[in-house]
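Engineer: Right, I'll just put the structure down here and ask away after.
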Amino acid sequence: VQGVKFSGVGAVTPRQCLTNAHLSVLVDTSDEWIQSRTGIQERHVAAPDQCLVDLASEAAGAALQMAGLEPTAVDLIILATSTPDDLFGTACLVQTRIGAVNAVAFDLTAACSGFLFALVTAAQYLRTGAYRSALVIGGDILSRWVDWGDRRTCILFGDGAGAMVLQASNVDQLLSFELRSDGRLNEHLTLAFTGTPHTLGDNLAIAQGGFAPIAMNGREVYRFAVTQVPEVIEKALHRAGCTVEDIDWLVLHQANQRILDAVAERLGIPQEKVISNVGQCGNTSAASIPLALSEPIQQGHIQPGDLIATAGFGAGLTWGAALFRW
Ligand code: ACO
C-alpha cells in the first residue's frame, strides 16, 4: 500500500454575479435578512450557454498546471456533481476537453458531500497502486434547479467548480477520513425526479418527466449539520491520532456562515483558522471545498505541511470528514 499526496488545486466561478439586491427584486427578501442568516453577499451563476463541462474543465486545467502534470499523465478523473450536463455522465466530456486521453473518467453523486466522497474514492485507487495520478473535480450548476420564486432556497446557492490533483506517493498526506449516509433523512433536501405516467400498452406504463426544483427543510438541515459535522471531524482526528489543536485550517463545505461558525465553536477552533468564501460564492455544493481551498493555497496562506480538517455535508443525507496535509 502506498500513500497519496496533493499536488494541485484550481477553481472557477462563472462571471455573472447575483447580489442580494438582485434577489430582493425577485423575491420578498432583503440584503439584511440574507447576510444575517447566511453570511452570503453574492454568488455567481452560469450563463445560459455555460455548461458544467466548461467550469469543470477550467478548474481541472488550473489544478493540473499547479501540479505540473500533463493531461496525458492523468490516470483517473472523478467528477462529483448533482447537476451533470448529461445524465449519462459529464466526466468523459471533461476528459476529452482537457485532453486526458489516457484517463478513465466517471461521475459520482453525493450532493454537497460529493467532493469529499470523490477525493476519498480516488485516494483508494492510488493507495492500491491501480493508478498513479487522479483528478478529483467537484462542480455544480444548481442555478438550473433552484426555484427562483422560493425565497427559502434561492438565496443560498451559487455555481462553480473546483479540482484537486492527487498523486501516488511514499508519504501519505491523507491521514484519515470518515464518511456517513442516512437515507432516512432524505426528504429534508431533495432535487427529485418527477414524472407523469405514460401508457405503453395494455397493463404497461412508465413515467416520464424531469426534476422538481430543490426543496429543503432549512431548520432540519441546519440542525443536522451542526451536530453531525463536529462529531465526524472528531472521529477523523481520533483515527489519525491527532487533536483539535493540531488543526491548522478548518475547511468546511461552504453552506452558510452560521453553520461554519457553529461547527468551529463546538470544536473549539478559533475563527482565524476557519476558511470561508461563502460571502462571495454562496453554497456551490460539490464545488465548495476546492473553491474555498484554492485561493488561500495559491496565495500562500495555506503552507505545505499544514494540517487541514475538511468536512462535507448535504443531501442524501450524506456527510463526512477528512484530515490531510497540504
Ligand atoms: N428572506 C426573508 N425571509 C425569509 C427568507 C428570506 N430569504 N427565507 C425564509 N424567510 C422567512 C420564513 O418564511 C420565516 O417566516 P415566518 O416565520 O413568517 O414563517 C422566517 O423567515 C424564518 O424562517 P426559517 O426557515 O425558520 O429561517 P431560519 O432562521 O431557519 O433560516 C436558513 C433559514 C438560512 C435556510 C437556515 O435554516 C439554514 O441555514 N439552514 C441550513 C440550510 C443549508 O445550509 N442548506 C444547504 C446545506 S446542504 C447543501 O449544501 C445542499
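Every read-out reported here was derived from the displayed coordinates using simple, explicitly stated rules and does not represent laboratory data. Keep in mind it's a predicted model, so treat the numbers as computed, not measured. FYI the Cβ positions are ideal-geometry reconstructions off the backbone, even for glycines, and counts take in every protein chain you see.
Engineer: Among ILE34, ILE78, ILE233, which one shows the biggest mean-square fluctuation in a GNM of the chain, springs joining Cα atoms closer than 10 Å?
Structural biologist: Among ILE34, ILE78, ILE233, the largest GNM mean-square fluctuation belongs to ILE34.
Engineer: Counting other beta carbons within 10 Å of each residue's own, what order do GLU231, GLU70, GLU245 fall into, fewest first? Can you show the working numbers first?
Structural biologist: Numbers: GLU231 15, GLU70 12, GLU245 8.
Going from sparsest to densest Cβ surroundings: GLU245, GLU70, GLU231.
Engineer: Rg (Å, one decimal) plus Dmax (Å, integer) for the alpha carbons of region 201-326?
Structural biologist: 17.8, 67
Engineer: Let me ask another. Quick one: if you stick a label point 7 Å off each Cα along the C-beta vector at GLU70 and ARG223, how many nm between them?
Structural biologist: Distance between label points: 5.6 nm.
Engineer: At a threshold of 8 angstrom on Cα-Cα distance, excluding pairs fewer than six apart, so keeping six or more, what relative contact order does the chain reach in percent? All intermediate terms of the calculation are to be shown ahead of the outcome.
Structural biologist: Numbers: 825 pairs, mean separation 82.3, N = 326.
Contact order relative to length: 25 percent.
Engineer: Say we join alpha carbon atoms closer than 10 Å with springs in a Gaussian network model of the chain; which of SER288, SER82, SER36 then has the biggest fluctuation?
Structural biologist: Residue with maximal mean-square fluctuation among SER288, SER82, SER36: SER36.
Engineer: Among GLY218, GLY139, GLY195, which one moves the most in a GNM of the chain with springs linking Cα atoms closer than 10 Å?
Structural biologist: GLY195
Engineer: Of the trypsin sites (Lys or Arg not before Pro) in region 142-217, which ones lie in a loop per DSSP and count no more than 15 other C-beta atoms within 10 Å?
Structural biologist: ARG152
Engineer: While we're here: Taking the beta-carbon count within 10 Å as an exposure proxy, list TRP319, TRP326, TRP148 from fewest neighbours to most.
Structural biologist: If I rank by nearby Cβ atoms, fewest first, I get TRP148, TRP326, TRP319.
Engineer: Counting other C-beta atoms within 10 Å, which of LEU185, LEU93 has the fewest, and how do the rest follow?
Structural biologist: Ascending Cβ contact count within 10 Å gives the list LEU185, LEU93.
Engineer: Shifting gears a bit: Counting each DSSP H run of 4 or more residues in the chain as -39500 (n - 2.57), what helix-only mean residue ellipticity at 222 nm follows after dividing by all residues, to the nearest 500 deg cm²/dmol? Write down the numbers at each step before the final one.
Structural biologist: Values: 9 runs with 102 residues, N = 326.
It comes out at -9500 deg cm²/dmol, rounded to the nearest 500.
Engineer: In whole angstrom, note down how far apart the Cα centers of region 248-326 and region 158-205 are.
Structural biologist: Result: 20 Å between the Cα centres.
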